[in-house]
Amino acid sequence: MKKSYLQNTQFKNLIPAREKVYEYIKSSILSGHLNPGEKLTEEHLAKTLGVSRTPVREALHKLGSEGLIDTRNKRGFIVSRDSREEVEELFELRSILEGYSLKVISENISEETLHHLDGFIQNAEEGLRRKNIEEVFKYNTRFHDTLHELVVKKTRLHRLIVNMRKYVLRHRQDTLRYPDGGRRAVEGHRKIVMALRLRDPDLCERVMREHIREAKEDALQSLFGKTS
């Protein structure tokens, strides 16, 4: 008999089924594998994940309390859509956290790390040239992953950024698919590296905040049309 997703995970029997179901569905929503408006039913999820309906129901209610899914009375649940205000708030929080993070990073970043960042930019540019948005997304994400790992020892800051990024990544491909969004993202990364090479903390914070402001505008355009 074919094993379910949860039966195949390395975490079997280590955490409650409800938590495993919750993490699986949440990850699927935030990664874009479950799209806004997509219907979720207890029966289908329980069969897919190889669990009873009880942990699925508990997980869905928890996700509902976090605003990731909406209830449809007796018709089940659907993946929620972020409002314009929620998207704006998310990117504003990101600009504060990542702006401060880059300010901290600028104090001791190595030339080797800067070289790696340059490589991600070049690979993203090649993806742009070939109009391969998936490649642009991959290397832009690696660029930010590398920066975030540089503050791993600042546990509170790192934890906040990791949690926030789960929600941001839900909109990253929308940002890159907006006309010129991918190009602006790559150009923003070049400015970030230049600021880091100058070892100017305040400049680094301003450049990162501007980069995220542009990403916010592209996301709003892609999701809601003309911005105000």
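The values are calculated or read from the model by the stated rules, or taken from the named source; none is laboratory data. The structure displayed is predicted, hence computed values, not measured ones. Neighbour counts are summed over all protein chains in view; Cβ atoms, including those assigned to glycine, are modelled from backbone coordinates with ideal geometry.
A few notes on this one:
- Some residue of region 180-189 being more than 21 Å from residue 84 (Cβ to Cβ) and surrounded by fewer than 17 Cβ atoms within 10 Å (Cβ to Cβ): yes
- When the residues of region 73-87 are filtered to those that are surrounded by 17 or more Cβ atoms within 10 Å (Cβ to Cβ) and not small (Gly, Ala, Ser), the one that is nearest to residue 34 (Cα to Cα) is 79.
Yes or no, residue by residue, for (1) in contact with a Lys or Arg (Cβ under 8 Å, 6 or more places away or on another chain); (2) surrounded by fewer than 19 Cβ atoms within 10 Å (Cβ to Cβ); (3) not assigned by TED's automatic domain parsing to the domain that holds residue 210:
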{"residue": "60", "(1), (2), (3)": "no, no, yes"}
{"residue": "63", "(1), (2), (3)": "yes, no, yes"}
{"residue": "71", "(1), (2), (3)": "no, yes, yes"}
{"residue": "90", "(1), (2), (3)": "no, yes, no"}
{"residue": "93", "(1), (2), (3)": "no, yes, no"}
{"residue": "106", "(1), (2), (3)": "yes, no, no"}
{"residue": "111", "(1), (2), (3)": "no, yes, no"}
{"residue": "114", "(1), (2), (3)": "yes, yes, no"}
{"residue": "119", "(1), (2), (3)": "no, yes, no"}
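- One residue alone among 56, 104, 151 is more than 25 Å from residue 222 (Cα to Cα), in a helix (DSSP H, G or I) and at pLDDT 95 or above, and that residue is 104.
- Selection from region 25-37 of residues that are touching a helix residue (DSSP H, G or I) at 6+ places or on another chain (Cβ under 9 Å) and surrounded by fewer than 14 Cβ atoms within 10 Å (Cβ to Cβ): 27, 31, 33, 35
- Those residues of region 204-224 which are free of Cβ contacts under 8 Å to residues at least 24 places away in the same chain and farther than 23 Å from residue 131 by Cβ, in sequence order: 210
- Only listed residue being closer than 24 Å to residue 31 by Cβ, surrounded by 15 or more Cβ atoms within 10 Å (Cβ to Cβ) and charged (D, E, K, R), chosen from 135, 125, 205: 135
- When residue 164 is tested against (1) part of a helix (DSSP H, G or I); (2) of a type in the set (A, V, I, L, M); (3) loosely packed, with under 13 Cβ neighbours inside 10 Å, just one condition goes unmet, and that condition is (3).
- With respect to the conditions (1) farther than 18 Å from residue 221 by Cβ; (2) loosely packed, with under 15 Cβ neighbours inside 10 Å; (3) modelled with pLDDT under 90, residue 194 lacks only one, and its number is (3).
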